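One structure is given here, and the rest of the page talks about it.
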Number of protein chains: 2
Amino acid sequence: MLPDAVSKHLDDNREGNLARLKELIAFPSVANSRPDDCRRCAEWLVARLESLGLTARVVEGEGRPNVIASCHADDAAPTLLIYGHYDVQPAEPLDEWQTDPFDAVVRDGFLYGRGASDDKGQLSAHLAAIEAWQRAGGGLPVNVKLLAEGEEEIGSPTMESFLAAHAEELSADAAVISDGEFHAPGVPAITYALRGLAYVEVTFRGPSADIHSGVHGGAVTNPINALARLVAALHDDAGRVALEGYYDDVLPLSGEERAAWERLGHDEGEYARSLGVAALGGGEKAFAPLERRWARPTLDCNGIVGGYTGVGSKTIIPAMASAKISMRLVADQDPKKVVAAFERFVAAHTPPGIVAETRLNAEARPVLLRRESAEMDAGRAALTEAFGREPVFVRHGASVPITEQIQRLLGLDAVLMGFGLPDDNIHSPNERFAVEQLHGAARACAAFYQNLRKGLTRPGESG
Amino acid sequence: MLPDAVSKHLDDNREGNLARLKELIAFPSVANSRPDDCRRCAEWLVARLESLGLTARVVEGEGRPNVIASCHADDAAPTLLIYGHYDVQPAEPLDEWQTDPFDAVVRDGFLYGRGASDDKGQLSAHLAAIEAWQRAGGGLPVNVKLLAEGEEEIGSPTMESFLAAHAEELSADAAVISDGEFHAPGVPAITYALRGLAYVEVTFRGPSADIHSGVHGGAVTNPINALARLVAALHDDAGRVALEGYYDDVLPLSGEERAAWERLGHDEGEYARSLGVAALGGGEKAFAPLERRWARPTLDCNGIVGGYTGVGSKTIIPAMASAKISMRLVADQDPKKVVAAFERFVAAHTPPGIVAETRLNAEARPVLLRRESAEMDAGRAALTEAFGREPVFVRHGASVPITEQIQRLLGLDAVLMGFGLPDDNIHSPNERFAVEQLHGAARACAAFYQNLRKGLTRPGESG
């Protein structure tokens with residue numbers, strides 16, 4: 001149990017923690033398009049961390065900067081690496097937001113704004129927990145290192161080299177990543193697997209300019225028609241991805257996991273309704289939807305554009321068309337092998353009269369984590385204390401590339417303790433974070449630090 | 001042969017005719033998006049026609065206005081209906097134009113601007129010819145009625161009802177349509193068949209908002225993936241359109257026509273090079289490219305859009321995706337039957353989790369004209385006189401819906417005497433019209449009016 005003073009500080013500072021999260025959301029820190037706002041956001045974090053007694057700095061690199069901070073509690077304490085990211089998804093389409101995505105407002109118990117849940121709100125929970133220990137608990141019970149990334153939403157293109165370069169500085173005894181979600185409202189979860197990512201963009205070029213589709217139609221390969229054939233061919237009729245060898249390295253789900261997931265009582269009808277679709281679909285017909293999202297690799301076209309897209313008619317065969325395609329990968333698929341297979345597939349599906357170009361936008365390896373460890377136990381107990389219910393252990397369909405990189409480069413199987421709710425609209429218009437989740441999350445983080453000290457302190461040392 | 005005075009007037013007014021064409025191009029008369037510019041353009045035409053001694057007026061209707069003008073020469077003269085259109089294709093993509101599309105400039109013998117060839121330049125040739133007869137030839141040799149349409153580039157949605165309502169006012173003994181092109185530079189052509197059009201727009205809606213493709217990928221039907229499958233399925237592997245009954249009403253090409261086309265010496269390699277493609281493609285593999293363009297129906301996707309199309313990555317399953325699809329039809333296909341087949345096809349290819357919506361943007365019937373008539377002879381002789389070479393008789397892949405409507409509603413098989421060149425970039429950036437074509441066209445129009453008086457005047461009447 002948290003010390004009373006820490007608990008009281010958390011209770012007394014609910015308004016302040018919410019206000020500071022609003023400040024953080026006000027930076028439109030979109031990695032690709034808003035570099036200056038990213039830098040200002042990173043500087044805001046440094047100032048906030050320094051105000052909590054941490055040593056903090058903005059670390060410049062190839063892309064958007066990262067923030068590193070640290071605080072030494074005492075020599076006997078274990079060291080915890082806390083990871084979050086301050087960059088956010090683009091807010092487009094802007095006209096579907098009910099309020100300004102970067103001027104967060106509370107409505108019906110939810111704070112609405114881009115990044116409210118993913119990941120500024122969850123990062124803020126750790127800041128609140130650190131504050132409570134520093135100001136009211138006599139200092140942090142663990143040594144803390146904190147890393148706030150600036151390029152998570154674009155696939156962490158430079159994080160691997162960054163982690164390798166700062167491996168010594170970021171070395172720790174345990175790691176926690178709060179960039180995920182509950183299994184359901186009231187049902188906390190610890191995630192032990194994440195999908196990887198291979199995100200490519202393919203462009204088909206045909207005639208040197210848009211040409212008249214009446215004059216030339218029938219004699220010239222249409223880049224849109226051809227691209228549609230390529231995209232369509234990427235799945236077979238059973239919903240399987242048609243890339244050669246795509247499933248060769250996929251680890252099958254264990255019987256124990258499948259049984260545990262069945263006990264989760266996932267309601268497919270309710271899930272479909274929450275997304276506004278009449279029926280589920282889109283993946284391998286041979287697998288249940290939950291397994292398709294958590295343990296099977298997929299392929300989705302995230303964007304497509306070509307030709308005339310304005311109002312009314314324009315009768316052209318366009319000069320080009322392009323598609324953004326992301327594949328979510330599961331252990332032990334290798335994104336590099338997948339991208340190579342994709343490129344071979346494009347080459348084999350490029351018809352005469354078309355020149356194809358494929359570029360890699362992002363890649364991340366899938367990860368599968370140990371479920372039995374002192375830090376997993378610390379997380380389980382912290383969530384139970386803060387939310388009154390044992391967490392379930394789940395996989396997750398999204399990618400948090402840092403997880404696999406922390407495993408491979410720092411040797412740590414992180415505790416994935418996420419605080420979002422499934423209907424937070426992350427990556428969508430009207431992203432939100434439940435105000436009660438923010439406060440519960442701060443409490444869980446504070447308890448996690450305490451539990452970790454107990455669980456990881458070697459016998460004979462002071463704990 | 002033209003009277004010397006008429007011929008001299010045409011020669012002396014080359015600069016003036018070019019200057020007035022530039023004035024006409026300066027109106028961005030795009031039917032869908034620029035209604036005010038369309039009206040101003042129509043008013044400019046009325047003023048110009050009145051200055052030539054015609055009675056002219058802007059006729060308002062449901063969409064953009066049309067212009068009707070007339071001039072009675074004498075009771076013995078046959079009456080000619082001249083058709084052109086003053087609306088133009090959208091100029092987008094603007095950044096591919098080397099100069100302002102609506103501020104026409106002459107470069108290397110070509111006038112560059114939107115509508116320079118299609119159709120303001122060709123309409124201007126008739127204005128120049130009318131001026132020469134009125135000012136220097138003692139008046140027009142035929143009674144003239146002129147119709148300048150305002151919605152040709154969007155498929156003439158209201159022209160059919162307009163023609164029906166004004167059938168009496170527009171009745172004539174012959175019709176000429178100048179909205180086409182030479183077979184090749186130096187090779188004039190009379191077109192005796194045009195393809196029809198069925199232009200539809202299909203939208204696939206999935207989740208109620210864009211959702212995270214990692215979290216949900218594999219369990220939710222992706223509107224882009226599904227739309228790509230629909231578009232791909234619209235052709236079979238032989239390049240045939242897969243709509244049920246699509247080819248049932250297609251008239252096969254006669255052996256005589258095929259032999260005449262072979263004598264045209266169409267160079268497929270040169271044609272491909274002119275479009276910037278390494279190889280032709282895109283139609284029915286069982287037919288030669290020229291036949292595919294002129295005498296076979298086709299299906300092209302003119303535009304597609306869905307999901308994130310900005311810079312870099314966004315990992316979403318989008319709420320919707322849509323495609324604009326045009327089908328070019330040949331005699332005796334019926335656009336209404338084709339659209340009905342398309343709608344059935346969409347219904348059969350809409351997967352679970354997707355709601356489809358199909359709308360009709362435009363339709364036009366194909367047309368096949370008599371090649372033996374006094375007015376065809378008049379056109380043949382006029383082109384020969386103006387350009388020093390007999391025209392070839394060809395079909396054309398584009399649609400000029402008015403042609404079929406004039407045939408059906410006014411009972412006239414129009415002479416399709418077009419003056420563009422195949423590389424005029426109509427419907428593309430950097431549209432142009434050769435300055436010499438403008439002047440030759442004015443001469444051909446003037447000669448056509450004269451020939452028509454001879455050819456159509458009944459014996460015993462003054463000619």
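The values are calculated or read from the model by the stated rules, or taken from the named source; none is laboratory data. Just so it is clear, the structure is predicted and the values come from calculations on it, not from any experiment. Note that each Cβ is placed from the backbone with ideal geometry, even for glycine, and that neighbours are counted across all protein chains shown.
Out of curiosity, is A:Pro352 closer than 27 Å to B:Pro429 by Cα and out of contact with any Phe, Trp or Tyr (no Cβ under 9 Å at 6 or more places or on another chain)?
Working: closer than 27 Å to B:Pro429 by Cα: yes; out of contact with any Phe, Trp or Tyr (no Cβ under 9 Å at 6 or more places or on another chain): yes.
When the stated conditions are applied, A:Pro352 passes them.
For the subset of the range A:371-430 comprising residues that are under 28 Å from A:Arg273 (Cβ atoms) and among the hydroxyl-bearing types (Ser, Thr, Tyr), which member is surrounded by the fewest Cβ atoms within 10 Å (Cβ to Cβ)?
A:Ser428
Taking the range A:190-212 as the search range and keeping residues that are of a type in the set (S, T, N, Q) and either over 23 Å from A:Met327 (Cβ atoms) or buried (at least 24 other Cβ atoms within 10 Å of the Cβ) (or both), which one is farthest from the other protein chains (Cβ to nearest Cβ)?
Step one: list which residues in the range A:190-212 are of a type in the set (S, T, N, Q), which gives A:191, A:203, A:208.
Checking which are either over 23 Å from A:Met327 (Cβ atoms) or buried (at least 24 other Cβ atoms within 10 Å of the Cβ) (or both) leaves us with A:191, A:208.
Values: A:Thr191: 11, A:Ser208: 3 Å.
Only one residue tops the list, namely A:Thr191.
For the range A:323-341, which residues satisfy the criterion of being part of a helix (DSSP H, G or I) and either among the small types (Gly, Ala, Ser) or at pLDDT below 95 (or both)?
Listed by number, the residues that qualify are A:Ala340, A:Ala341.
Going by what's in this entry, would A:Ala175 be described as within 22 Å of the chain's Cα centre (by Cα), in the same structural domain as A:Lys120 (by TED's automatic domain parsing) and farther than 21 Å from A:Leu264 by Cβ?
On the way: within 22 Å of the chain's Cα centre (by Cα): yes; in the same structural domain as A:Lys120 (by TED's automatic domain parsing): yes; farther than 21 Å from A:Leu264 by Cβ: yes.
Considered against the rule, which asks whether it is within 22 Å of the chain's Cα centre (by Cα), in the same structural domain as A:Lys120 (by TED's automatic domain parsing) and farther than 21 Å from A:Leu264 by Cβ, A:Ala175 comes out as yes.
Every residue in the range B:153-178 that is more than 27 Å from B:Arg34 (Cα to Cα), of a type in the set (Gly, Ala, Ser) and touching a strand residue (DSSP E or B) at 6+ places or on another chain (Cβ under 8 Å), please.
Once the filter is applied, which keeps residues that are more than 27 Å from B:Arg34 (Cα to Cα), of a type in the set (Gly, Ala, Ser) and touching a strand residue (DSSP E or B) at 6+ places or on another chain (Cβ under 8 Å), the range B:153-178 yields B:Ser171, B:Ala172, B:Ala174, B:Ala175.
Being buried (at least 19 other Cβ atoms within 10 Å of the Cβ) and of a type in the set (S, T, N, Q) narrows it down to one of B:Gln98, B:Gln134, so name that one.
Result of the check over B:Gln98, B:Gln134: B:Gln134.
Among the residues of the range B:264-279, count how many are at the interface with another protein chain (Cβ under 9 Å from one of its Cβ atoms), farther than 22 Å from B:Pro391 by Cβ, assigned to a helix (DSSP H, G or I) and of a type outside the set (A, V, I, L, M, F, W, C).
1
With respect to A:Asp236, determine if the residue is over 28 Å from A:Arg48 (Cα atoms) and within 8 Å of chain B (Cβ to nearest Cβ).
Against the criterion (over 28 Å from A:Arg48 (Cα atoms) and within 8 Å of chain B (Cβ to nearest Cβ)), A:Asp236 does not qualify.
Would you be able to say whether some residue in the range A:195-204 is of a type in the set (D, E, K, R), assigned to a loop (DSSP other than H, G, I, E, B), under 17 Å from A:Val338 (Cα atoms) and touching a residue at least 24 places away in the same chain (Cβ under 8 Å)? Can you show your working first?
First pass over the range A:195-204, keeping only residues of a type in the set (D, E, K, R): A:195, A:201.
Next, only the ones that are assigned to a loop (DSSP other than H, G, I, E, B) stay: A:195.
Next, from what is left, pick out any that are under 17 Å from A:Val338 (Cα atoms): A:195.
Next, only the ones that are touching a residue at least 24 places away in the same chain (Cβ under 8 Å) stay: A:195.
Yes: one or more hits.
Could you list, in sequence order, the residues of the range A:136-150 that are closer than 14 Å to A:Phe448 by Cα and in contact with a strand residue (DSSP E or B) (Cβ under 7 Å, 6 or more places away or on another chain)?
If the condition is that a residue be closer than 14 Å to A:Phe448 by Cα and in contact with a strand residue (DSSP E or B) (Cβ under 7 Å, 6 or more places away or on another chain), then A:Leu140, A:Val142, A:Asn143, A:Val144 are the ones that fit.
Could you look through the range B:280-297, keep only residues that are outside any helix (DSSP H, G or I) and in contact with a Ser or Thr (Cβ under 8 Å, 6 or more places away or on another chain), and pick out the one that is farthest from B:Tyr246 (Cα to Cα)? Steps first, please.
Of all residues in the range B:280-297, those outside any helix (DSSP H, G or I) come to B:280-288, B:295-297.
Of the ones still in play, those that are also in contact with a Ser or Thr (Cβ under 8 Å, 6 or more places away or on another chain) are B:280-283.
Details: B:Leu280: 23, B:Gly281: 20, B:Gly282: 17, B:Gly283: 14 Å.
Applying the filter and picking the extreme gives B:Leu280.
Would you confirm, using the coordinates I've provided, whether A:Pro93 is more than 23 Å from A:Ala444 (Cβ to Cβ), away from chain B (no Cβ under 14 Å) and within 22 Å of the chain's Cα centre (by Cα)? Quick ask: steps written out before the conclusion?
Values: more than 23 Å from A:Ala444 (Cβ to Cβ): yes; away from chain B (no Cβ under 14 Å): no; within 22 Å of the chain's Cα centre (by Cα): yes.
So A:Pro93 does not fit the description; no.
Of these, A:Ala259, A:Ala189, A:Ala233, A:Ala219, which one is closer than 20 Å to B:Val220 by Cα and among the small types (Gly, Ala, Ser)?
Every option except A:Ala233 fails the conditions.
Find the residue count for the range A:432-462, including only residues that are modelled with pLDDT under 95 and either among the charged types (D, E, K, R) or not in a helix (DSSP H, G or I) (or both).
7
If I filter the range B:23-32 for residues that are more than 24 Å from the chain's Cα centre (by Cα) and touching a residue at least 12 places away in the same chain (Cβ under 8 Å), do I get at least one hit?
Among the residues of the range B:23-32, not one is more than 24 Å from the chain's Cα centre (by Cα) and touching a residue at least 12 places away in the same chain (Cβ under 8 Å), which makes the answer no.
Give me the pairs, please: first residue somewhere in the range A:1-18 and touching a residue at least 12 places away in the same chain (Cβ under 8 Å), second residue anywhere and of a type in the set (Lys, Arg), beta-carbon distance under 8 Å, and either six or more positions apart or on two chains.
Close Cβ pairs (under 8 Å, with a partner that is of a type in the set (Lys, Arg)) amount to A:Leu2/A:Arg443; A:Ser7/A:Arg443; A:His9/A:Arg135; A:Leu10/A:Arg443.
Count, please, the residues in the range B:348-366 that happen to be of a type outside the set (Asp, Glu) and at pLDDT below 95.
4
Which one is surrounded by the most Cβ atoms within 10 Å (Cβ to Cβ) among residues in the range A:310-329 that are hydrophobic (A, V, I, L, M, F, W, C) and within 7 Å of another protein chain (Cβ to nearest Cβ)?
Step by step, filter the range A:310-329, then rank; the result is A:Ile317.
Being away from every other protein chain (no Cβ under 14 Å), in contact with a His (Cβ under 9 Å, 6 or more places away or on another chain) and not polar (S, T, N, Q) narrows it down to one of A:Val176, A:Val215, so name that one.
It is A:Val176.
Of all residues in the range A:299-322, which are farther than 14 Å from B:Gly306 by Cα and either of a type outside the set (D, E, K, R) or not in a loop (DSSP other than H, G, I, E, B) (or both)?
A:Leu299, A:Val311, A:Gly312, A:Ser313, A:Thr315, A:Ile316, A:Ile317, A:Pro318, A:Ala319, A:Met320
Would you please name the residue that is nearest to B:Ala5 (Cα to Cα), looking only at residues in the range B:134-155 that are in contact with a helix residue (DSSP H, G or I) (Cβ under 9 Å, 6 or more places away or on another chain) and part of a helix (DSSP H, G or I)?
Initially, the range B:134-155 is screened for residues in contact with a helix residue (DSSP H, G or I) (Cβ under 9 Å, 6 or more places away or on another chain), giving B:135-142, B:144-152, B:155.
Checking the rest, the ones that are also part of a helix (DSSP H, G or I) come to B:135-136, B:152.
On the way: B:Arg135: 9, B:Ala136: 6, B:Glu152: 35 Å.
Ranking the qualifying residues of the range B:134-155, first place goes to B:Ala136.
Filter the range A:1-40 down to residues that are in a helix (DSSP H, G or I) and within 14 Å of chain B (Cβ to nearest Cβ) and give me whichever is modelled with the highest pLDDT. Explain how you work it out, then say what you get.
Applying the first criterion (in a helix (DSSP H, G or I)) to the range A:1-40 yields A:4-12, A:14-25, A:35-40.
From what's left, within 14 Å of chain B (Cβ to nearest Cβ): A:35, A:38.
Details: A:Pro35: 95, A:Cys38: 98.
So the residue we want is A:Cys38.
Tell me which of these B:Gly307 doesn't satisfy, since it passes every other one: (1) within 30 Å of A:Pro35 (Cβ to Cβ); (2) more than 7 Å from every other protein chain (Cβ to nearest Cβ).
(2)
Suppose the filter is in contact (Cβ under 8 Å) with a residue 24 or more places away in the chain and either out of contact with any helix residue (DSSP H, G or I) (no Cβ under 6 Å at 6 or more places or on another chain) or over 11 Å from B:Gly196 (Cβ atoms) (or both); does B:Arg365 pass it?
For B:Arg365, the condition - in contact (Cβ under 8 Å) with a residue 24 or more places away in the chain and either out of contact with any helix residue (DSSP H, G or I) (no Cβ under 6 Å at 6 or more places or on another chain) or over 11 Å from B:Gly196 (Cβ atoms) (or both) - is not met.
Find the residue count for the range A:342-375, including only residues that are more than 14 Å from chain B (Cβ to nearest Cβ), under 20 Å from the mean Cα position of the chain (by Cα) and not in a loop (DSSP other than H, G, I, E, B).
Qualifying residue count for the region: 1.
Does at least one position in the range B:415-424 carry a residue that is in the same structural domain as B:Ala175 (by TED's automatic domain parsing) and farther than 30 Å from A:Ser208 by Cβ?
Taking the range B:415-424 and keeping what is in the same structural domain as B:Ala175 (by TED's automatic domain parsing), we get B:415-424.
Remaining after also requiring farther than 30 Å from A:Ser208 by Cβ: B:415.
Yes, the range B:415-424 contains at least one residue that is in the same structural domain as B:Ala175 (by TED's automatic domain parsing) and farther than 30 Å from A:Ser208 by Cβ.
Is there any pair linking a residue in the range B:313-327 that is under 18 Å from B:Leu360 (Cα atoms) to one that is in a loop (DSSP other than H, G, I, E, B), with Cβ under 6 Å and at least six apart or on different chains, and which?
Pairs that qualify, where the first residue is under 18 Å from B:Leu360 (Cα atoms) and the partner is in a loop (DSSP other than H, G, I, E, B), are B:Ser326/A:Thr315.
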